[in-house]
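The values are calculated or read from the model by the stated rules, or taken from the named source; none is laboratory data. Quick caveat: nothing in here was measured; it's all calculated off a predicted structure. Every residue, glycine as well, gets a Cβ built from its backbone with ideal geometry; the counts of neighbours run over all protein chains shown.
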Amino acid sequence: MSKSLNYKQLFHLLVFILIATSAANSQERIIENFNKEWKFARFGAMPDGSILQEPENLDEAHYDDSDWRVLSVPHDWGIEGPFRADLPNQTGKLPWAGIGWYRKNFTSPKSDAGKRVFIEFDGAMSGTTVWVNGGFAGEWPYGYSSFRFDITNHIKVGEENTVAVRLDNKEESSRWYPGGGIYRHVRLVKTNPVHIAHWGVFVTTPEVSKEKATVHIKTDIENASKNLEVLHEIFTKGDNPLKVAEQKTKFIAEVTIEIANPKLWDLETPNLYEVRTTLIQDGKPIDNYVTSFGIRTIEFTANNGFLLNGARVQINGVCQHHDLGPLGTAINIRAMERQIEILKAFGTNAIRTAHNPPAPEFLDLCDKMGILVQVEAFDVWNKKKLDNDYASLFGAWHERDLRAMVKRDRNHPSVIMWSTGNEMIELREGQDAPIAMMLADIIKSEDATRPTTFGNSRPEGLINGFQETADVHGINYKPHLYEEFHQANPNIPLYGSETASTVSSRGEYFFPVSENKNEGSGGYFQVSSYDFSAPNWAYRVDIEFEAQDRNPFVMGEFVWTGFDYIGEPTPYNKDKTNLLNFTNPEEKEKMKVELEKLGGNIPPRSSYFGIVDLCGFPKDRYYLYQSKWRPDLPMAHILPHWNWPERVGEVTPVFVYTSGDEAELFLNGKSLGKRKKAPYQYRLRWDDVVYKPGTLKVVAYKDGKVWAIDEVKTTKKANKLEMEADRNIVIADGQDLSFVTVKISDNNGLTVPRTHNNVSYSIEGPGVIIGIGNGDPTNHESFQANQRKVFNGLALVIIRTKNGEPGEIVLKAESEGLKASRISIKSISE
């Protein structure tokens, strides 16, 4: 054969050159989902407690991983369990610690020639090291940071390539359940050599009025040259985007564009815009970048609180850890959206991402749904709380982690504060104020439009200089010091960065009812839902409400916590010190006997702090917060339930939470009297109700008119299962979820509150059960099982669709002695 090219070969060569040239000059940067078809294996500490030696050469492309498990990320290996009694309940008694490897083969097309290729991780837990074809690509140890590596020089264009990722989750590295694995999204990003940098567009709105807004855009470009032009086009964001402004200039790093009659972002109407930025070289588009933003103003004042678009907004906030209950830490947009929906329903308008940066999609949802966010960086600085926590990384990594957090999240209108840390040891000791100032300076160098803050749990921090190292001061669990702080620091805005920490178990009530916060524990490691119980450092909800009402300069609070979360099961948080949580001698002796039976290994594995439980079912406190945070919502809520056959003739106190100002209680039609809220009173109480079965009814009034009605009834015998889906139509994309509430009812359809029946589940059609829960902090049944006991009448089943498989999904529930139930969910194509 001749060495010269024939016409056919020449044609193919020309086509290849044209394709390569076109790709190199493409306007569209290429973003590829990199979540599917990873190989996974664990080493070191294994889920069953054994140790498996980590082999050598796992980073090499030729390593034989044919027997490894195939999965998609996001993935949390810890939530798979099993729960183990020997593991610490501080982190959920789950086997999250250990070494995990992920490997993935991919083909680099010939069009990658001349491109820069990056691999981006939204988060991996933790100690991440990445290799491509055996070559070291980079490392990033902090499990909550987003990061990327340039792998251009490691890939083989036109050939198969291998990415290997090693994670090392060390024991004693977290004070709560952190999860384990590549638990957020991964992608490949391909650009031309000249391109917009990572998180390289920063949008601010320095001047805002009803008539106009100035939009300031700062653009960072890699390998910028003199012959560049930049086109910025601004669109409304939504189903029918409308272009509202544009500007094209020779490359200038910073430009200002004016928008007439802007639609402002606020809590009720969270209007969004996006900037579409296009780089043009020699008249041809070579890169584009889309940036979402909102137009709004924020102001923090020492005397008038927080102002959004010039109007005062009381921060009704909660702290949230990052796990998604039975789903663990692997992110899912619908699961996060559901959490925010539940939080908003009782009046939440703000979230503190305690104590770490969140997933980027979480902030997208807060932008869209109208939620204020305080993004927090760290739980510790230089001085450790645990042997292997972030203090071991702080010196080398704090600046990179902090800059990554701010640069990634600074365009979100929902983000209103940057927190540098929580209850730092340095602050407790009154030392190292320069560290706080240094961290604040790093943040300001990336974003000067929002204030810095931190969570301070020590009174010394109010007067020893730390109070001057942040723009806004957050006080943890010190409502009695609000006035003192304000008098000593009249120019520093103030809020409760962590409040209440009331603890309770959904549907559990213990008698006699005591207002002593240490005497609400009882039963089998449960806590009473009369809402008085709290650990030694904390207090009941009413105290915080009163402190804010008496001190209106306080801009609001972040309650610990919105949802229950895995780990930290205070007051049963440490086996060795558990008895210290009891002051009642009888209860203490009872618990001592229980502990001896268990050999010191106590069962609780998730928190009691939540206003809602781990599954998202409201506790009674939900309605107490709703009564305060949604004063214009007609509502009333009675507690406890009214199924107490063993208490006939005994005093059984009844509480009512209502947004009304007075209420009348009836038992079986007989009035038990009216109660009117006194100043700084947030719950109405009938402490001398003598139990008899029947119907409790409350009629709440506001300004003398009927406002809301609620009733609870003594149920009949448990008769049947009932199910209700939060969404009966879902998308067949392999990601969408339906959350199905399962309840045990009597023949009148009333939930029977003290039932704990075991329920089995089966599913037909294009869906899978990916999580089961019941909200019981002591339950060690697998979240991935197909059966589980209900807890006080309720359970939750989470169903995920199958990608590309629309159709009818049918879930069936069965339990011995009860009528079975079935529910149909329709999965549709997008």
Residue that is farthest from the chain's Cα centre (by Cα) [pool: residues in the range 216-243 that are under 19 Å from Lys115 (Cα atoms) and in a strand (DSSP E or B)]: Leu228
Yes/no for Asp67 being surrounded by fewer than 15 Cβ atoms within 10 Å (Cβ to Cβ) and over 22 Å from Pro569 (Cα atoms): yes
Subset of the range 182-194 that is surrounded by fewer than 20 Cβ atoms within 10 Å (Cβ to Cβ) and outside any loop (DSSP other than H, G, I, E, B) - its residue that is nearest to the chain's Cα centre (by Cα): Arg187
Boolean, Thr715 is part of a loop (DSSP other than H, G, I, E, B) and in contact with a strand residue (DSSP E or B) (Cβ under 9 Å, 6 or more places away or on another chain): yes
Tally, over the range 519-556, of residues that are within 30 Å of Glu586 (Cα to Cα), modelled with pLDDT of 90 or more and outside any loop (DSSP other than H, G, I, E, B): 5
Where Val768 falls short, out of the listed (1) β-branched (Val, Ile, Thr); (2) over 30 Å from Val712 (Cβ atoms); (3) buried (at least 16 other Cβ atoms within 10 Å of the Cβ): (3)
Yes/no for Gly395 being under 25 Å from the mean Cα position of the chain (by Cα) and either buried (at least 18 other Cβ atoms within 10 Å of the Cβ) or assigned to a helix (DSSP H, G or I) (or both): no
Residue within the range 69-76 that is hydrophobic (A, V, I, L, M, F, W, C) and over 28 Å from Asn779 (Cα atoms) present: yes
Some residue of the range 347-364 being within 13 Å of the chain's Cα centre (by Cα) and among the polar types (S, T, N, Q): yes
All positions within the range 375-392 that are of a type in the set (S, T, N, Q) and not in a helix (DSSP H, G or I): Asn382, Asn388
Residue in the range 653-686 that is nearest to Asp549 (Cα to Cα), counting only those that are outside any strand (DSSP E or B) and touching a helix residue (DSSP H, G or I) at 6+ places or on another chain (Cβ under 9 Å): Tyr680
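Every residue, every condition in (1) out of contact with any Lys or Arg (no Cβ under 8 Å at 6 or more places or on another chain); (2) farther than 23 Å from Phe791 by Cα; (3) of a type in the set (Lys, Arg); (4) assigned by TED's automatic domain parsing to the domain that holds Gly793, yes or no:
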| residue | (1), (2), (3), (4) |
| --- | --- |
| Phe609 | yes, no, no, no |
| Leu624 | no, no, no, no |
| Met635 | yes, yes, no, no |
| Ser659 | no, yes, no, no |
| Leu665 | no, yes, no, no |
| Pro679 | yes, yes, no, no |
| Asp688 | yes, yes, no, no |
Any hit, the range 722-735, residues being touching a residue at least 12 places away in the same chain (Cβ under 8 Å), under 30 Å from Ile543 (Cα atoms) and not aliphatic (A, V, I, L, M): no
Asp86 assigned by TED's automatic domain parsing to the domain that holds Glu160, part of a loop (DSSP other than H, G, I, E, B), among the charged types (D, E, K, R) and closer than 24 Å to Pro360 by Cα: no
The range 620-678, residues that are within 27 Å of the chain's Cα centre (by Cα), crowded, with 21+ Cβ neighbours inside 10 Å and among the aliphatic types (A, V, I, L, M): Leu624
Given (1) modelled with pLDDT of 95 or more; (2) on the phi < 0 side of the Ramachandran plot; (3) in contact with a Pro (Cβ under 9 Å, 6 or more places away or on another chain), index of the condition Gly474 fails: (3)
Subset of the range 277-301 [among the charged types (D, E, K, R) and either at positive phi or crowded, with 17+ Cβ neighbours inside 10 Å (or both)]: Asp282, Asp287, Arg296
Positions within the range 246-271 being in a strand (DSSP E or B) and surrounded by 17 or more Cβ atoms within 10 Å (Cβ to Cβ), in sequence order: Ile257, Ile259, Trp265, Pro270
Residues (in a loop (DSSP other than H, G, I, E, B) and surrounded by fewer than 23 Cβ atoms within 10 Å (Cβ to Cβ)) located in the range 403-422: Arg410, Asn411, His412
1 or more residues under 30 Å from Tyr177 (Cβ atoms): qualifying strands (runs of 3 or more DSSP E) within the range 276-329: 315-319
Qualifying residue in the range 106-116 (condition: in contact with a Lys or Arg (Cβ under 8 Å, 6 or more places away or on another chain), closer than 26 Å to Asp409 by Cβ, assigned by TED's automatic domain parsing to the domain that holds Lys39 and surrounded by fewer than 23 Cβ atoms within 10 Å (Cβ to Cβ)): yes
Qualifying residue in the range 464-475 (condition: surrounded by fewer than 17 Cβ atoms within 10 Å (Cβ to Cβ), over 27 Å from the mean Cα position of the chain (by Cα) and assigned to a loop (DSSP other than H, G, I, E, B)): yes
Hits in the range 718-730 - residues which are outside any loop (DSSP other than H, G, I, E, B) and hydrophobic (A, V, I, L, M, F, W, C): Leu721, Met723, Ala725, Ile729, Val730
Subset of the range 364-397 that is out of contact with any Phe, Trp or Tyr (no Cβ under 9 Å at 6 or more places or on another chain) and small (Gly, Ala, Ser) - its residue that is nearest to Glu171 (Cα to Cα): Ser392
Residue match in the range 195-202 (condition: on the phi < 0 side of the Ramachandran plot, assigned to a strand (DSSP E or B), buried (at least 16 other Cβ atoms within 10 Å of the Cβ) and within 25 Å of the chain's Cα centre (by Cα)): yes
